[in-house]
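Scroll down for the structure; my scribbles are underneath it.
FYI, it's all coordinate maths here, none of it is from the lab. The structure presented is a predicted model; accordingly, all values stated were derived computationally and were not measured. Please note: Cβ atoms are built from the backbone with ideal geometry, for glycine as well, and neighbour counts cover all protein chains shown.
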Amino acid sequence: MKYVLKKFITLIITLLCISAITFGAFSIIPGDAAVSKLGVNASPQQVEALRQEMGLDDPILQRYGRWLSGAVRGDFGDSYQYDNTTVASLLSDRLPVTAMLSVMSFLLILVIAFPLGILSARFSGRGPDIGMNLVTQVIMAVPSFFLGILLTYLFGLVLHWFQPGQFVQPDEDLGACLCYLVFPAIAIALPKIAMVVKFLRNSVLAEMEKDYVRTAYSRGNTKSSVLYRHVLKNAFIPVITFLALLIAEILAGSIIVEQVFSVPGVGRLLITAILNRDYPVVQAVVMYVTALVVVINFLVDLLYQAVDPRIKAGG
């Protein structure tokens, strides 16, 4: 319980630090939010009136406290770009799409990378391992957005398995939406699959060199028995941490890949908001994404401790 409480306090402090940095960064960026909302043709009187209405003339700590109070309730204010539209409503329309894309990408990593990593370790130094190392090395060198372009050309324009740009909202047809998201999910997942395969292979091989493995062999256990009953549990511990780090990369990758496949998710919203200096939207997206990454890492810490109880002692 002490371990969980310590991690939870760390989570809260981390989120507070991120919120302060996020708000502070957008407060010192050149540009006037009132001008961004009214346009360059607005009169100085109109700009000043809107600045007072938006509270931009208040001290920064007062503005941060007001913003943080709203953010805790899920209220990030109104968008500058979309009149009379709250940031929360913009996010609620796009978060499910990005969430589905990220979950599909992560599931592909788990389903494909784990068996391949174990297979590569079992046949270390032989044909399957050499071939897999070559393929993973090539895939890791290719960025997700370029894979997205290749998949769009091959499966969209040549094979016509899907229509590029014809995204179907999940509330219209969930099945069609998921089918469309398969290809951007593959583009995001493939480089990560190659990384996990290589990491898991090396982790398994490192465990195979330890004394407890030789002891297990001396007791008459087969290679498969030693691998699945003893080695994998210990080999998965560093892999769990590595998977947690990949969460941030999956979310970052989705921002670019959503552009390639014209997926109306948080990534496209973020890029549009940056181009239009829609700071409330940018702040909200940054906070949601970072909060998600921090929370997932918190859950991974708990899982890590459950797999290896020795961590409790070290805190």
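Here are a few things to note about the model shown:
- Charges were assigned to the Cβ only: +1 to each Lys and Arg, -1 to each Asp and Glu. The resulting dipole of segment 1-145 about its Cα centre is roughly 900 debye.
- Residue of Pro191, Pro59, Pro96 that the Gaussian network model of the chain assigns the largest fluctuation, springs spanning Cα pairs under 10 Å: Pro59
- Averaging Cα coordinates gives a centre for segment 75-104 and one for segment 290-307; these two points are 24 Å apart.
- Considering only Asn84, Ala176, Leu101, the residue lying farthest towards the positive end of the dipole of the chain is Leu101, judged by Cα position with unit charges set on Cβ.
- All aspartates and glutamates inside 13 Å of Lys198 as judged from Cα atoms, apart from same-chain residues fewer than 8 positions distant: Asp129
- Highest-fluctuation residue, Gly117, Gly265, Gly70 considered, GNM on the chain with Cα pairs under 10 Å: Gly70
- Dipole magnitude of segment 89-267 about its Cα centre (Cβ charges: Lys, Arg +1; Asp, Glu -1), debye to nearest 20: 1060
- Cleavage-rule hits, trypsin sites (Lys or Arg not before Pro), segment 5-90, DSSP coil, Cβ neighbours within 10 Å at most 10: Arg73
- Straight Cα distances below 24 angstrom link Lys7 to the lysines Lys233, Lys312, with same-chain residues fewer than 8 positions distant left out.
- Label point distance in nm, Ser43-Ser224, each placed 7 Å from Cα along Cα→Cβ: 8.4
- About its Cα centre, segment 182-236 has a charge dipole of approximately 100 debye under the convention of +1 per Lys or Arg Cβ and -1 per Asp or Glu Cβ, with nothing else charged.
- For segment 255-286 versus segment 146-166, the gap between their alpha-carbon centres in whole angstrom: 22
- Note on the chain: GNM, Cα springs under 10 Å; of Ile256, Ile60, Ile29, the largest mean-square fluctuation is that of Ile29.
- Using the Cβ-Cβ distance between Asp75 and Ala25 with R0 set to 22 Å, the FRET efficiency works out to roughly 0.60.
- Which of Ile255, His230, Leu270, positive extreme of dipole for segment 217-315 (C-beta unit charges): His230
- Estimated 222 nm signal from helices in the chain, with DSSP H stretches of n ≥ 4 weighted -39500 (n - 2.57), rounded to 500: -25000 deg cm²/dmol
- Along the axis of the charge dipole computed for segment 1-149 (Cβ charges of +1 for Lys and Arg, -1 for Asp and Glu, origin at the Cα centre), the listed residues Gln45, Leu134, Ile60 are led at the positive end by Leu134.
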